[in-house]
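The values are calculated or read from the model by the stated rules, or taken from the named source; none is laboratory data. None of the values given here were measured: they were computed from a predicted structure. In this analysis, Cβ positions are derived from the backbone assuming ideal geometry, glycine residues included, and neighbour counts consider all displayed protein chains. The area values use the complete protein model at the heavy-atom level, side chains included, leaving out ligands, DNA and RNA. Shrake-Rupley method; radii C 1.70, N 1.55, O 1.52, S 1.80 Å.
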Amino acid sequence: MEGAGGDVPADSVQYFTASLGMSQALGILSVILTIVWTCYYRGGFAWHDDVSREFNYHPLFMILGLVFFYAEAILVYRVFRNVTKLYVKILHASLHFLAIIFVIVALKAVFDSHNLAKPNPQPNLYSLHSWMGLCVVLLFGLQYVSGFVSYLFPKINVTLRQWYMPIHIFFGLTIFVGAVATALMGLTEKLLFLRASPNFLEAEGTFINILGLLLVVFAVLVVYLVTNPKYKRQPLPEEEMIQLSQE
């Protein structure tokens, strides 16, 4: 693993590769377990004809969007170290846009499951999980727009971009950690509701807890990879020349 600033030590390469591999395995496994949980224990998926099963899109698409694809988006700057930065930016923005699509469908599913419930609609936004989720989604939207305008199109001047970058990075990680925390709160809330049901299976509770632990370890690995200065992407020579010419 080499950057423009020099070679990265071999031991760092090994730690990076191992940590990245583990993070990818855990992220994919978390998505698979969510699919298994919603299909095997919760009856699969439907739309307006069965709002209880429409709800199942919510946990799956939130974990896909705000956890897995969001993490992939922030990891691209660590993985594609020797790719032209513009291409990495486009991939970063594209993965975030994909996450936004999943989030929109997930929100639609959860509001439908409340508003269209029979015989009586259920209240919305009554729990700390829902409040946290709304805050994370709003911050994500603002982060995406500000990042797109600042770094892709139309772009702000170099001085402002340099000033804004630490803020962009801070809120990017804050949103990711907030999304994982909100997912854990949602899993806990769902588990409490399920335990009140006479048909509850202890195996499902264990399954949900395992999923939660996987999300925690996945988040820890992603934060480690993103914050470790040894793995920071260094500018390529041509990028340094462009930056100097703009100053």
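Using a Förster distance of 25 Å, how high is the FRET efficiency between Lys155 and Ile32, based on the Cβ-Cβ distance and rounded to 0.05? Mind dumping the intermediate values first?
Values: r = 39 Å, r/R0 = 1.56.
Efficiency at R0 = 25 Å is approximately 0.05.
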Q: Kindly sort Met62, Met22 by accessible area of their heavy atoms, largest first, with the probe set to 1.4 Å.
A: Met22, Met62
(Q) Under the 0.36 nm per residue contour assumption, what length would be gained going from the current alpha-carbon distance of Glu189 and Val220 to full extension? (A) 8.9 nm
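For the range 1-147, which whole-number percentage of the solvent-accessible area (1.4 Å probe, protein heavy atoms only) is attributable to carbon and sulfur atoms?
On the way: 5260 of 7480 Å².
Carbon with sulfur: 70 percent of the solvent-accessible area.
When the solvent-accessible surface of protein heavy atoms is calculated with a 1.4 angstrom probe, in what order do Tyr87, Tyr151, Tyr70 fall, highest first?
Numbers: Tyr87 145, Tyr151 25, Tyr70 5 Å².
Per-residue accessible area, sorted high to low, gives Tyr87, Tyr151, Tyr70.
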Q. In square angstrom, what is the accessible area per residue of the chain with a 1.4 angstrom probe?
A. 54
Q.
Considering only C-alpha atoms, what is the centroid distance from the range 54-91 to the range 193-236, in Å?
A. 15
Q: Mind putting a number on the dipole of the chain about its Cα centre? Charges go on the C-beta only, +1 for Lys and Arg and -1 for Asp and Glu, and I need it in Debye to the nearest 20.
A: 240
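Please report, in debye to the nearest 20, how large the charge dipole of the range 25-163 is about its Cα centre when each Lys and Arg carries +1 at its beta carbon and each Asp and Glu carries -1 there.
Numbers: 10 positive and 5 negative charges, 126 e Å.
The dipole of the range 25-163 has a size of about 600 debye.
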